[in-house]
Amino acid sequence: MAAPGGPSGGSPVIQDHGSVLGTLGLFTVLLGAALPLIDFFIVNVALPTIDHDLAAGPALLELVVAGYGLSYAVLLVLGGRLGDMFGRRRLFLAGMAAFGLTSLACGIAPNAWTLVGARVAQGAAAALMLPQVLATIHAATTGQRRAKAVSLYGATAGLAMVAGQILGGVLVSANIAGSGWRAIFLVNVPVALLGLALAFRSVPETRSQRPAPIDTPGTVLLAVSLVTLLAPLTEGRAAGWPAWTWISLAAFPVAAYAFLRVERRADRQGRTPLVPPSLLALVTLRRGLTLLLPFSVGFGGFMFVVAIALQQGLGMGAVTAGIALVPMAVAFFAASLAGPRLVRRYGSLVVTAGSVSQLAGVALLVLAVRDGWPSVGVLDLLPGMALAGFGQGLQLPVIIRIVLSDIPSERAGVGSGVMVTGQQSALALGVATLGSLFLSLAAATGMRDALEITLLVQLGLIVLTGLLSLRLPRSLA
């Protein structure tokens, strides 16, 4: 069966395994969306235990986090293109299987370097799987069902990022069968097996009728651009800012400019570049991405910094630190459920309201830290966490919906890959920049002042997202 082409009049989308995405299929792809995001954040609370067991040291611990984030971000757009070519269900299954195997490799890693290598491979597996989620939703749903599915994706993404740290704390503290930190990876194996079984039954096969070939120069240059930016920012502080970090940062603008030139030339010559400039010409995608990037930088940095501050600064255990984030997760979920109804009434002003709520929440956290340190407890953090989570829940699902709203169905994989690459790169950039700022200040001025200053920087990012939200189209289809 063939579904109609996208709004730009492109080629139809082949449906090889049923024409629509049912409820079980939606649950399955959302499970696939949750796993990579959970694993980006789940290691934050486990880093001290990993360091103790494997004698990793600061630089290798940074690589445990950065290796996953880098390979994930670098390969996401390519993963979306491969799904357009070979079938999104097929790539989803391959990615899910690879994610389970690489999670097992992480869980049994005998030393720190093996764990780093397994994390890099795990990020590559995630990059195969995740772009197929939004591409399948985009290609196998229409109308209000698509809007609801995208909203659920946004809710899943936000909850997964918060739940990752909560789950990590519980698993590390539970020390199941003496597994310690290894449980945070081993738990993925049965979940991946369940996902494979469900996907075989319920996920429809979709792919572009005229898939574009792989853009090798674009793929290489995008990878070089992301690596030269994220690697030195992530590793620089722990490594003492050696010469290679400055050389890499100097190479970033050159690589990024070369990537833009190559993509524009490919477009002019009638070939399909990795990131088609025509996609970036879509107002909704361009303005939505412009808003998604500072939002994700703030979110990624906040979650990383809070994990360290609660455990090392306030002396909370892993479980207590996780409990402190529960109000954020609950409020995020509530806002995500209310979001579609609010959007029908108020349009993109919901995103602006989310900025105001998040601003108030982080401001309350700053006051709690300033007045109560070092005796700040879970109850002291609750109002700020809840307001911040509610604001984030109003923002993220709507931003994702806006970014994807005008992408033609035959470009669903590429469009999804571009959006998720931007989001993932910004999350990693937030960990690298806000995390480095916090850790540097903590060594110089103490944990309380470092946390307060870092939260004030995040307040600036929240104000920026609020101002950018005013440029979004007021009404949403």
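Data for the structure
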{"item": "Convex hull of the stretch 150-268 built on C-alpha atoms - directionally averaged projected area, nm²", "result": "12.5"}
{"item": "Estimated 222 nm signal from helices in the chain, with DSSP H stretches of n ≥ 4 weighted -39500 (n - 2.57), rounded to 500", "result": "-27500 deg cm²/dmol"}
{"item": "Angle between the chain longest axis and helix 412-445 axis [Cα atoms, degrees, rounded to 10]", "result": "10"}
{"item": "Only Lys, Arg (+1) and Asp, Glu (-1) charged, at Cβ; the stretch 309-463 dipole about Cα centre in debye", "result": "400"}
{"item": "Using θ = phi - 60° and Karplus 6.51 cos²θ - 1.76 cosθ + 1.60, couplings along the stretch 59-69 (whole Hz; Gly, Pro as x)", "result": "5, 5, 4, 4, 5, 4, 7, 6, x, 5, x"}
{"item": "Sorted peptide list for 79-85, 439-445, 337-343, criterion being average Cβ within 10 angstrom, highest first", "result": "79-85, 337-343, 439-445"}
{"item": "Cα Rg, Dmax (largest Cα-Cα span) when computed across the stretch 374-425, Å", "result": "17.0, 55"}
{"item": "Accessible carbon and sulfur surface of the stretch 162-320 relative to its total accessible area, %, 1.4 Å", "result": "67"}
{"item": "Listed peptides 261-274, 151-164 by packing density, highest first (mean Cβ within 10 Å)", "result": "151-164, 261-274"}
{"item": "1.4 Å probe accessible area per residue over the stretch 46-130, in Å²", "result": "31"}
{"item": "Percentage relative contact order, the stretch 376-477, counting C-alpha pairs under 8 Å, at least six apart", "result": "17"}
{"item": "Helix 88-107 vs. the chain, principal-axis angle (Cα, 0 to 90°, nearest 10)", "result": "20"}
{"item": "The stretch 196-235 - accessible surface per residue (Å², probe 1.4 Å)", "result": "42"}
{"item": "Sulfur and carbon atoms: percent of accessible area, the stretch 46-155 [1.4 Å]", "result": "71"}
{"item": "Cβ-placed point charges (K, R +1; D, E -1), dipole of the stretch 145-230 about Cα centre in debye, nearest 20", "result": "340"}
{"item": "Å² per residue, accessible surface of the stretch 330-477 at 1.4 Å", "result": "37"}
{"item": "Burial order of peptide ranges 393-404, 174-185 (average beta-carbon count within 10 Å, highest first)", "result": "393-404, 174-185"}
{"item": "Radius of gyration and maximum dimension Dmax of the stretch 404-460, Cα, Å", "result": "17.3, 53"}
{"item": "Hydrodynamic radius of the chain per Kirkwood, over alpha carbon pairs, in Å", "result": "22.3"}
{"item": "Span from the the stretch 306-376 Cα centroid across to the the stretch 410-466 one, whole angstrom", "result": "15"}
{"item": "Size of charge dipole - the chain - debye, nearest 20, with Cβ of Lys, Arg +1 and Asp, Glu -1, no other charges", "result": "1540"}
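The values are calculated or read from the model by the stated rules, or taken from the named source; none is laboratory data. These numbers were taken from a predicted model, which means no experiment stands behind them. For neighbour counting, all protein chains shown are included, and Cβ atoms are generated from backbone atoms with ideal geometry for every residue, glycine included. Ligands, DNA and RNA are stripped out before the accessible areas are found, and what is left, the full protein with its side chains, is counted by its heavy atoms. Shrake-Rupley method; radii C 1.70, N 1.55, O 1.52, S 1.80 Å.
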